[in-house]
Amino acid sequence: MRSAGWKFWTNRFASDVICHAVGKARTFVSDGRGNIAIISALILPVLIGIFALGFETSYWDQTQRSMQNAADSAASAAATNGTNTYATEAKAVASLYGFADGSNSVTVAASNAAACPSGGNTCYSVTITKTVPLFMAQVAGYHGDGTYNGGFGKQLTATAVAKQAGGTRNYCILALASSGATGIQANGVPFANLNGCNVMSNSSSTCNGHDLGAGFGDAHGTNSGCGVTSENGLPVVSDPYASLATNIPSNTCGSTYPQEDKHGSIASTNQYGGAKSWGNTVTVCGDMKLTSNLTITNSGSSPTVLVIENGQLDTNGFTIATANGSQATIVFSGDNGSYTHAPTGGGTLDIQAPTSGTWSGVAVYQDPALTSGVDISAAGNSPTWDITGLVYLPHSSVTFSGIVNKSSNGASCFDLVVDNITVNGTGQILNEGQCPQAGLSMPTATVGGRGGLVN
């Protein structure tokens, strides 16, 4: 958006000077006592002044046009940047046009909270101000509206407003980093491959020696090497799944939560295997240990929600799977303390999440109220993860070293939400791209595209 009020003043100023000169000339012409020599002597300085003023106002016009071009380009660059360095970029672009902030009476100011013509205060503005010296205008009695090197000056201003053409970006790994830890870390990992999925850290990211094969590696703080395309300074992505905790079934366990002893022994009531036809909600109080492969079939029309209260899911080298046509969500809930609230063991999670309903797209869910006993040291490896849907571990420090594939009976969709993640070894996610079919709304952020001027 351009400013052009100065044009009115310069046109008015020139008009007033000319009218004044013509008036004087008419006075002398009507006075018979004058003569042509006197008239010429009086008119000539005025005419010279008029021409000089014309050149001076033309200089103002030319300078202001250059300033406007610089402001337009700087505002577009700021909107395209869209990060916390937008002002630095705006000033750098203005400098390329010869208007360096703080030099030669130039000021460049940028904002990312400008009013947009369509409403809101999310536009980017750049205002360039420059004071130029006065020459012949002083002879006509005009002293300007600024100072230049201690003398009179004329202040010129150009303003442009641009809006970011934002786009939507989905993330298959979101590190919430509420603990303040580095959200995403990787060292070496020559075989890591996230199959082009995008990753986001609400703090910083550091990937030494490999970009993880991620498409976009985004970070709120500094991103060092994560993602084929790395971006810094992006807005924090809010947790889209925390509110699901209100749907966790009530704890019916009382105060008894059997735990495995140091030899792995546990009460028979907490041992599971074989084929299970389960209804909408199944609650396990304490540790759940597989003693053979376990296959879950939905006995009703709704998926099964398996709630493990104050306990781990020890696959014990076996597989827990959803049968063809069946779906399940595994929820870890309970109290903070000495309990483990996570999958363990050397077997396999072969889970297809529900494709509709309250837990749509959610395969594994840790209650966000849990802050202890939630870490996972061998994600994707012990147990192996063959999962369709979301694994939600909001306060977990996760070490990811295996290969995540889709479930045997589900679509190709995997999403991981953690506090922070360290990628080691293989670190691969295979077969992505079908999360809509899997019923999962992935973590999403609006990120900047190219900026464009607005009127």
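The values are calculated or read from the model by the stated rules, or taken from the named source; none is laboratory data. Since the model is a prediction, treat every value here as computed from it, not as a measurement. Here the Cβ positions follow ideal geometry from the backbone for every residue, glycine too, while neighbour counts run over all protein chains shown. Calculation scope for accessible area: heavy atoms of the full protein, side chains included, ligands and nucleic acids excluded. Shrake-Rupley method; radii C 1.70, N 1.55, O 1.52, S 1.80 Å.
Residue 227 - would you say it is small (Gly, Ala, Ser), assigned to a loop (DSSP other than H, G, I, E, B) and buried (at least 16 other Cβ atoms within 10 Å of the Cβ)? So residue 227 fits the description; yes.
On inspection, residue 283 fails the criterion of being in contact with a Ser or Thr (Cβ under 7 Å, 6 or more places away or on another chain), modelled with pLDDT under 95, closer than 17 Å to residue 333 by Cα and among the polar types (S, T, N, Q).
Restricting the stretch 264-284 to residues that are open to solvent by 40 Å² or more (accessible area, probe 1.4 Å) and not hydroxyl-bearing (Ser, Thr, Tyr), the residue that is nearest to the chain's Cα centre (by Cα) is 280.
Restricting attention to the stretch 59-89, the residues that are in a helix (DSSP H, G or I) and under 22 Å from residue 218 (Cα atoms) add up to 10. Against the conditions (1) within 28 Å of residue 324 (Cα to Cα); (2) touching a residue at least 24 places away in the same chain (Cβ under 8 Å), residue 251 satisfies every one except (1).
Meeting the requirement of 1 or more residues that are closer than 19 Å to residue 374 by Cα and among the basic types (Lys, Arg), the strands (runs of 3 or more DSSP E) wholly within the stretch 244-311 are 288-298. Against the numbered list (1) part of a strand (DSSP E or B); (2) closer than 20 Å to residue 239 by Cα; (3) in contact with an Asp or Glu (Cβ under 9 Å, 6 or more places away or on another chain), residue 365 comes up short only at (3). For the stretch 312-362, residues that are over 34 Å from the mean Cα position of the chain (by Cα), in a strand (DSSP E or B) and among the aliphatic types (A, V, I, L, M) total 3. For the stretch 384-427, a residue qualifies if it is farther than 23 Å from residue 205 by Cβ, hydroxyl-bearing (Ser, Thr, Tyr) and surrounded by fewer than 24 Cβ atoms within 10 Å (Cβ to Cβ), and the qualifying residues are 384, 408, 412. Considering each residue of the stretch 286-315, count those that are within 26 Å of residue 255 (Cβ to Cβ) and open to solvent by 40 Å² or more (accessible area, probe 1.4 Å), and give that number. Final tally of qualifying residues: 1.
Checking the stretch 44-58 against the condition returns a match, with at least one residue being at pLDDT 75 or above and either touching a strand residue (DSSP E or B) at 6+ places or on another chain (Cβ under 8 Å) or not in a strand (DSSP E or B) (or both).
When we screen 261, 239 for residues that are touching a residue at least 12 places away in the same chain (Cβ under 8 Å), open to solvent by 10 Å² or more (accessible area, probe 1.4 Å) and among the charged types (D, E, K, R), the only hit is 239. Pairs only if they're at least six apart or on different chains, beta carbon under 7 angstrom, first in the stretch 356-372 and under 14 Å from residue 305 (Cβ atoms) and in contact (Cβ under 8 Å) with a residue 60 or more places away in the chain, second among the polar types (S, T, N, Q) and in a strand (DSSP E or B); list them, first residue then second. If the second residue must be among the polar types (S, T, N, Q) and in a strand (DSSP E or B), the pairs left are 359/329; 362/329; 365/329; 367/333.
For the stretch 212-220, the criterion of being open to solvent by less than 50 Å² (accessible area, probe 1.4 Å), in a strand (DSSP E or B) and not charged (D, E, K, R) is met by at least one residue. The criterion of at least 3 residues that are buried (at least 20 other Cβ atoms within 10 Å of the Cβ) is met, among strands (runs of 3 or more DSSP E) falling completely within the stretch 101-196, by 106-114, 123-133, 151-164, 173-175, 184-187. You will find that of 225, 221, the residue that is closer than 29 Å to residue 423 by Cβ and touching a Cys at 6+ places or on another chain (Cβ under 6 Å) is 225 and no other. Where residues in the stretch 197-211 are open to solvent by 40 Å² or more (accessible area, probe 1.4 Å) and assigned to a loop (DSSP other than H, G, I, E, B), which of them is modelled with the lowest pLDDT? Selected residue: 209.
The set of residues from the stretch 58-92 being farther than 30 Å from residue 236 by Cβ, open to solvent by 10 Å² or more (accessible area, probe 1.4 Å) and among the small types (Gly, Ala, Ser) comprises 58, 66.
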